[in-house]
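The values are calculated or read from the model by the stated rules, or taken from the named source; none is laboratory data. Nothing here was measured: the structure is a model prediction, and the numbers come from that model. Here the Cβ positions follow ideal geometry from the backbone for every residue, glycine too, while neighbour counts run over all protein chains shown. Note: accessible area is taken over every heavy atom of the protein model, side chains too, but ligands, DNA and RNA are not part of it. Shrake-Rupley method; radii C 1.70, N 1.55, O 1.52, S 1.80 Å.
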Amino acid sequence: MDVEVLVRDVASLDPELLQLPEVSSLALKDNPGIAEQLYSQWLSLPETARLVKSLVDDAKAGSPLSRHGGSNGGNAAASSSLPSMFPAGSAPPLSPRSSSGSPRVVKRGGIGPSTLGSPLKLVSEPVREVIPQFYFRNGRPPPMDLKEQCLFRIDELFSGHVDGLQVQEFKYVTKEVCKLPSFFSSSLFRKIDVDCIGTVSRNAFIDYWINSNIMTMDIATQIFTILKQPDNKYLTQEDFKPVLRELLATHPGLEFLQGTPEFQERYAETVIYRIFYYINRSANGHLTLRELKHGNLIAAMQHADEEEDINKVLRYFSYEHFYVIYCKFWELDTDHDFLIDKENLIRYGNHALTYRIVDRIFSQVARKFTSKIEGKLGYEDFVYFMLAEEDKSSEPSLEYWFKCIDLDGNGILTPNEMQFFYEEQLHRMECMAQEPVLFEDILCQMVDMVAPENECYFTLRDLKGCKLSGNVFNILFNLNKFMAFETRDPFLIRQEREDPTLTEWDRTGGNQKTLGFPMLFKAACEAAAHIRYCFK
């Protein structure tokens with residue numbers, strides 16, 4: 001009867017329980033009949049019968065069983081040598097049995113390993129690794145040592161000011177504790193002083209800067225959080241105006257503008273327009289945190305805070321760059337209504353542009369005008385145009401002019417579209433007694449210059465991958481720059497190689513002689529006089 005039970009139970013055996021080193025466990029799993037035959041053959045051996053009888057006798061006599069299934073009695077010798085079907089030294093271990101009597105019960109009933117001990121390998125429970133918290137809804141809390149250092153410095157700056165610090169005294173906190181540019185002092189002060197009481201207490205600053213975990217954010221996120229409106233997830237042009245006003249009031253390089261508020265306002269507007277031109281790549285007027293992090297505005301702000309000569313801060317804040325832009329606008333705006341029409345713009349750069357490209361600009365295909373008057377460029381629109389025209393190496397400029405040349409808006413520039421614009425250039429060269437260059441020759445030159453993926457057309461990706469792609473647009477609609485490129489000075493080539501980080505605008509934007517300084521100076525004086533008259 002016991003043998004029948006054993007034979008019946010073999011069907012539920014896991015082949016790995018046999019632990020036969022001579023036979024692959026994979027082979028036993030694929031062929032369960034082999035395990036059944038081996039088990040049946042093992043039970044039929046005479047040694048197995050004697051071993052079973054010995055174990056039964058010991059159990060009846062009440063003798064304790066040893067760890068390996070043997071006993072401490074006289075039959076221990078019988079159990080020291082297990083019968084085997086394999087050569088000596090390679091015998092498999094005795095098939096384990098649970099206290100419930102069947103491996104099937106162990107497998108299906110969920111009972112643990114046998115208390116008698118088993119030669120089987122016990123699979124330990126996986127160790128649970130405690131993963132530290134990596135997401136914090138309100139930002140990562142500051143480390144204790146950093147928090148203590150910050151609190152120590154705060155105590156020093158707020159010492160003796162029981163009622164808190166006023167906005168003039170808060171600049172040291174902004175610079176030394178927050179590590180932000182000093183001209184963010186007023187914006188940060190108003191962000192904390194929500195009740196507009198005129199002072200910021202120590203506890204109020206700690207609640208905002210430390211307890212809100214703002215101090216652990218990167219500087220771009222800190223500036224974004226300070227400037228943006230509470231309900232917005234982006235920055236607008238209005239959000240930058242308080243920062244520019246404080247910069248104008250405190251920077252030593254802009255001190256000479258204290259008596260001319262009209263120029264201060266235009267300077268602040270120009271800086272903001274330049275920021276959104278380069279940083280707001282979506283061109284929707286909503287500057288996101290991602291765009292702020294990907295741009296170079298933070299580095300430019302830090303440079304402006306450390307540099308006393310504002311004209312050395314070429315990115316965004318240079319007064320000379322503003323001066324050139326504003327005077328160019330004033331020079332073209334003959335009736336001084338702060339609007340420019342087609343006839344005004346065609347005079348730009350000593351009539352450098354063609355009529356066809358000016359028509360495309362006023363079609364607003366590249367950028368919608370902010371002016372409310374039909375067929376008129378406002379000052380902001382002119383700033384975008386001039387930056388695109390004078391710095392064709394930048395991606396915003398390439399995107400601007402690509403849309404202008406792409407007549408059908410299919411995302412590629414075909415030879416027919418480029419020839420449409422070059423025809424006027426060719427006619428102008430003939431009128432100026434210049435040797436005309438056929439379009440077929442120019443097209444080969446542009447293909448060699450850009451090296452597009454498909455020589456039948458240019459894509460925006462092709463132009464962005466070429467450092468000389470700006471010259472393609474000069475060839476098509478700016479005759480002066482086209483001729484200057486053909487006969488350019490070797491000194492300029494060497495200058496470009498010495499400092500490749502400078503853009504074309506950086507090299508010429510602050511050079512008033514290059515853009516006609518005497519005429520610009522005269523225009524600036526007229527502009528200042530007219531603005532003062534309007535403010536009376």
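Go through segment 345-375 and count every residue that is in contact (Cβ under 8 Å) with a residue 12 or more places away in the chain and outside any helix (DSSP H, G or I).
Selection size over segment 345-375: 12.
Would you point out the residue of segment 375-416, among those that are among the acidic types (Asp, Glu) and open to solvent by 40 Å² or more (accessible area, probe 1.4 Å), that is nearest to Asn478 (Cα to Cα)?
Per the stated criteria, the residue is Glu399.
All but one of (1) among the small types (Gly, Ala, Ser); (2) at pLDDT 85 or above; (3) over 30 Å from Leu297 (Cα atoms) hold for Gly101, so report the exception by its number.
(2)
Go through segment 267-291 residue by residue and tally those that are at pLDDT 95 or above and either among the polar types (S, T, N, Q) or in contact with a strand residue (DSSP E or B) (Cβ under 7 Å, 6 or more places away or on another chain) (or both).
So the answer is 6.
Scan segment 295-306 for residues that are within 14 Å of Leu248 (Cα to Cα) and open to solvent by 20 Å² or more (accessible area, probe 1.4 Å) and report the count.
Counting residues in segment 295-306 that are within 14 Å of Leu248 (Cα to Cα) and open to solvent by 20 Å² or more (accessible area, probe 1.4 Å) gives 1.
Which numbered condition in (1) open to solvent by 10 Å² or more (accessible area, probe 1.4 Å); (2) in contact with a helix residue (DSSP H, G or I) (Cβ under 7 Å, 6 or more places away or on another chain); (3) of a type outside the set (A, V, I, L, M, F, W, C) is the only one that Ser318 fails?
Status for Ser318: all satisfied but (1).
Name the residue that is most open to solvent (accessible area, probe 1.4 Å), counting only residues in segment 364-374 that are on the phi < 0 side of the Ramachandran plot and under 34 Å from the mean Cα position of the chain (by Cα).
Of everything passing the filter in segment 364-374, Lys368 is most open to solvent (accessible area, probe 1.4 Å).
Within segment 172-186, track down each residue that is under 20 Å from Pro252 (Cβ atoms) and open to solvent by less than 40 Å² (accessible area, probe 1.4 Å).
Across segment 172-186, the qualifying residues are Thr174, Leu180, Pro181, Ser182, Phe183, Phe184, Ser185, Ser186.
Tell me which residues, restricted to segment 197-214, are in contact with a helix residue (DSSP H, G or I) (Cβ under 8 Å, 6 or more places away or on another chain) and either free of Cβ contacts under 8 Å to residues at least 24 places away in the same chain or not small (Gly, Ala, Ser) (or both).
Val200, Arg202, Phe205, Ile206, Tyr208, Trp209, Ile210, Ile214
Quick one: which of Leu332, Leu292 is among the aliphatic types (A, V, I, L, M), closer than 26 Å to Lys376 by Cβ and surrounded by fewer than 22 Cβ atoms within 10 Å (Cβ to Cβ)?
Result of the check over Leu332, Leu292: Leu332.
Tell me, please, whether a residue that is among the small types (Gly, Ala, Ser) and more than 24 Å from Tyr277 (Cβ to Cβ) can be found in segment 408-424.
There is no residue in segment 408-424 that is among the small types (Gly, Ala, Ser) and more than 24 Å from Tyr277 (Cβ to Cβ).
Pull up segment 191-203, narrow it to residues that are of a type in the set (Val, Ile, Thr) and not in a loop (DSSP other than H, G, I, E, B), then point me to the one that is least open to solvent (accessible area, probe 1.4 Å).
Val200
With Leu188, Leu247, Leu180 as the choices, which residue is more than 23 Å from Asp145 (Cα to Cα) and either assigned to a loop (DSSP other than H, G, I, E, B) or touching a residue at least 40 places away in the same chain (Cβ under 8 Å) (or both)?
Within the list Leu188, Leu247, Leu180, the selection yields Leu247.
Take Leu247 and tell me if it is open to solvent by less than 70 Å² (accessible area, probe 1.4 Å) and closer than 20 Å to Val194 by Cβ. Break it down stepwise before answering.
Details: open to solvent by less than 70 Å² (accessible area, probe 1.4 Å): yes; closer than 20 Å to Val194 by Cβ: no.
In short, no.
Does segment 157-171 include one or more residues that are open to solvent by 80 Å² or more (accessible area, probe 1.4 Å) and in a helix (DSSP H, G or I)?
No: zero hits.
Of everything in segment 376-395, what is assigned to a helix (DSSP H, G or I), within 20 Å of Gln237 (Cβ to Cβ) and more than 26 Å from the chain's Cα centre (by Cα)? Give them in sequence order.
Initially, segment 376-395 is screened for residues assigned to a helix (DSSP H, G or I), giving 379-390, 395.
If we keep only those that are within 20 Å of Gln237 (Cβ to Cβ) as well, we get 379-388.
The answer is Tyr379, Glu380, Asp381, Phe382, Val383, Phe385, Met386.
Name every residue in segment 281-327 that is small (Gly, Ala, Ser) and part of a loop (DSSP other than H, G, I, E, B), in order of residue number.
Listed by number, the residues that qualify are Ser282, Ala283, Gly285, Gly295, Ser318.
For residues that are over 12 Å from Pro396 (Cβ atoms) and surrounded by fewer than 21 Cβ atoms within 10 Å (Cβ to Cβ), scanning just segment 269-289, find the one that is farthest from the chain's Cα centre (by Cα).
Glu269
Please pick out the residue among Leu460, Leu443 that is crowded, with 17+ Cβ neighbours inside 10 Å, among the hydrophobic types (A, V, I, L, M, F, W, C) and modelled with pLDDT of 90 or more. Outline the logic, then answer.
On the way: Leu443 fails: crowded, with 17+ Cβ neighbours inside 10 Å.
After applying the criteria, what remains is Leu460.
Here are Glu435, Glu423: which of them is over 39 Å from the mean Cα position of the chain (by Cα), surrounded by fewer than 15 Cβ atoms within 10 Å (Cβ to Cβ) and in a helix (DSSP H, G or I)?
So the residue among Glu435, Glu423 that is over 39 Å from the mean Cα position of the chain (by Cα), surrounded by fewer than 15 Cβ atoms within 10 Å (Cβ to Cβ) and in a helix (DSSP H, G or I) is Glu423.
Would you please list the contacts, defined by Cβ atoms under 8 Å and residues six or more apart or on different chains, that run from a residue in segment 441-464 that is part of a helix (DSSP H, G or I) to a residue that is of a type in the set (Ser, Thr, Tyr)?
That search, which allows pairs on different chains as well, returns Ile442/Tyr422; Met449/Ser469; Val450/Ser469; Asp462/Ser469; Leu463/Ser469.
Could you identify the single residue in Glu269, Glu238 that is within 30 Å of Glu389 (Cα to Cα), assigned to a helix (DSSP H, G or I) and in contact with an Asp or Glu (Cβ under 9 Å, 6 or more places away or on another chain)?
Of the residues listed, the single one that is within 30 Å of Glu389 (Cα to Cα), assigned to a helix (DSSP H, G or I) and in contact with an Asp or Glu (Cβ under 9 Å, 6 or more places away or on another chain) is Glu269.
For segment 396-411, give me the residue count where each residue is under 15 Å from Arg461 (Cβ atoms) and assigned to a loop (DSSP other than H, G, I, E, B).
3
Kindly provide the set of residues from segment 227-244 that are open to solvent by less than 20 Å² (accessible area, probe 1.4 Å) and either touching a strand residue (DSSP E or B) at 6+ places or on another chain (Cβ under 8 Å) or modelled with pLDDT under 95 (or both), ordered by number.
Those that are open to solvent by less than 20 Å² (accessible area, probe 1.4 Å) and either touching a strand residue (DSSP E or B) at 6+ places or on another chain (Cβ under 8 Å) or modelled with pLDDT under 95 (or both): Leu227, Leu235.
Look at Gly253 and say whether it is assigned to a loop (DSSP other than H, G, I, E, B) and either surrounded by fewer than 18 Cβ atoms within 10 Å (Cβ to Cβ) or in contact (Cβ under 8 Å) with a residue 12 or more places away in the chain (or both). Please lay out each step first, then the result.
Values: assigned to a loop (DSSP other than H, G, I, E, B): no; either surrounded by fewer than 18 Cβ atoms within 10 Å (Cβ to Cβ) or in contact (Cβ under 8 Å) with a residue 12 or more places away in the chain (or both): yes.
For Gly253, the condition - assigned to a loop (DSSP other than H, G, I, E, B) and either surrounded by fewer than 18 Cβ atoms within 10 Å (Cβ to Cβ) or in contact (Cβ under 8 Å) with a residue 12 or more places away in the chain (or both) - is not met.
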